[in-house]
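Every number in this text was worked out from the coordinates using simple rules, so none of it is lab data. These numbers come from a predicted model, not from an experiment. Glycine gets a Cβ as well: all are built from the backbone with ideal geometry, and neighbour counts include every protein chain shown.
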Amino acid sequence: MPGIDISALTASLGAYHREKASELYSKLLEKEYSMSLFSTIAGIKDEYIITETEVSEILQPYQKAWTPKGDIKFVPETLKVRRIKVDLPLDPIDLERSWEGKRIDGSLPEGQELLEGYILSEVIKRIKKDLEFRLLFNGEYVAPTPGTPGGASTSFDGLLKIVSDAITAAKIVPVATGVLSQTNARESFEMVFDAVDSDYQTEQLVALCSPTLLRWYKRDYRAEFGNHQDYRGITGELQSVTIDGTNTEIVGCPGMAGSQRIVITKKENLKRLIDGTSEDSDFNLRFQVNRREIEVLGDFKMGVGMPIIKGLVWTNDQE
């Protein structure tokens, strides 16, 4: 094959991956977009079961007689990891042409001056995009059809599916905001916040929503209060704001684009589950030659969830 030795490139890809793995995957997990919202629980082989304790009111005025009062319930919440894979065929000739073009015009980012770096960076970039826009929020697990590649969004249940299932199971009673618009966004966010249990209203909470809803909130707020002297001005596209008079931060998540759902909870209630830390740092990527293509293979386990849903997650009735 003129211009490129496919076997040599395959071998150097493996070597480059082994040398640069930690740097490459730090780019995948760096604090940008929605991945930064989720803290990690490692070592999950299949399911992570946490038991939420519900204790009813127990205090009462003293009297000598035994007057039992109160109840304690244990409600299990199951978070699940799913195995995900990458089976990616690469045409080295097409990749070389793209890489050479970017190298000539100087548009290659730092660290991609080698073809191996360019290839792996493109793979990581696509994994990040699939996780953000297909899985973290919009995922809905579907068992694969034998011999047929499934969609990225069918790899595991995302946050919106988990919230929807919790509503169906009566763990969450959604607030009836009706359809959100640029003229009612502020009121809608405040309606969902007002449903938060009084025990949590003073705590640090996050209100997850689409970038569009965040933008509408800012515009609605500007339309109502923009002529006031203490108005601080509209902020950037994904720059969060706080619901007035609360400690609740509105966070626009690119992966929630198109959804009218508002989800309020404690940030520490948002979890990303993985099998092991080493698996999270290299995703078991490996490279092999098949005829004129380089095959990239990888597999790892991941899932998202909220350990406590009932009494710690509040949302509206719009999907």
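Note that the chain shows a convex hull volume over its alpha carbon atoms of 186 Å³ per residue.
Relative to the dominant Cα principal axis of the chain, helix 115-130 is inclined by about 30°.
If you run the Gaussian network model on the chain, springs between alpha carbon atoms under 10 Å, then out of Thr242, Thr67, Thr40 the most flexible one is Thr67. Computed over the stretch 84-177, the quotient of the alpha carbon radius of gyration and 2.2 N^0.38 Å is 1.56. Taking a sphere under 15 Å around the Cβ of Gly258 and counting the other residues whose Cβ falls inside, with K and R at +1 and D and E at -1, yields a net charge of +1. For the residues Ile264, Ile58, Ile250, a GNM of the chain with alpha-carbon springs under 10 Å puts the largest fluctuation on Ile58. Taking +1 at the Cβ of each Lys and Arg and -1 at the Cβ of each Asp and Glu, which of Ser181, Gly151, Ser98 sits farthest along the dipole of the stretch 92-181 towards its positive end, judged by Cα position relative to the Cα centre? Farthest towards the positive pole: Ser181.
Using only alpha-carbon positions in the stretch 135-202, the gyration tensor eigenvalues give semi-axes of 33, 15, 10 Å once each is multiplied by 5 and square-rooted (largest first).
Enclosing the Cα atoms of the stretch 37-195 in their convex hull gives a volume equal to 259 cubic angstrom per residue. The GNM of the chain, with springs linking C-alpha atoms under 10 angstrom apart, assigns the highest mean-square fluctuation among Arg82, Arg134, Arg286 to Arg286. In this simple spin-label approximation, Ile72 and Arg291 carry label points 7 Å from Cα along the Cα→Cβ vector, and these lie 6.5 nm apart. Its residue count N sets the reference 2.2 N^0.38 Å, and the alpha-carbon radius of gyration of the stretch 74-129 equals 1.75 times that reference.
Segment Ala257..Ala170, full-extension length gain: 28.8 nm, with 0.36 nm per residue of separation and the alpha-carbon distance subtracted. Here the relative contact order of the chain, from alpha carbon pairs under 8 Å that lie six or more residues apart, stands at 28 percent.
Using 0.36 nm per residue and subtracting the Cα-Cα separation, the extra length available between Gln239 and Lys310 on full extension is 22.7 nm.
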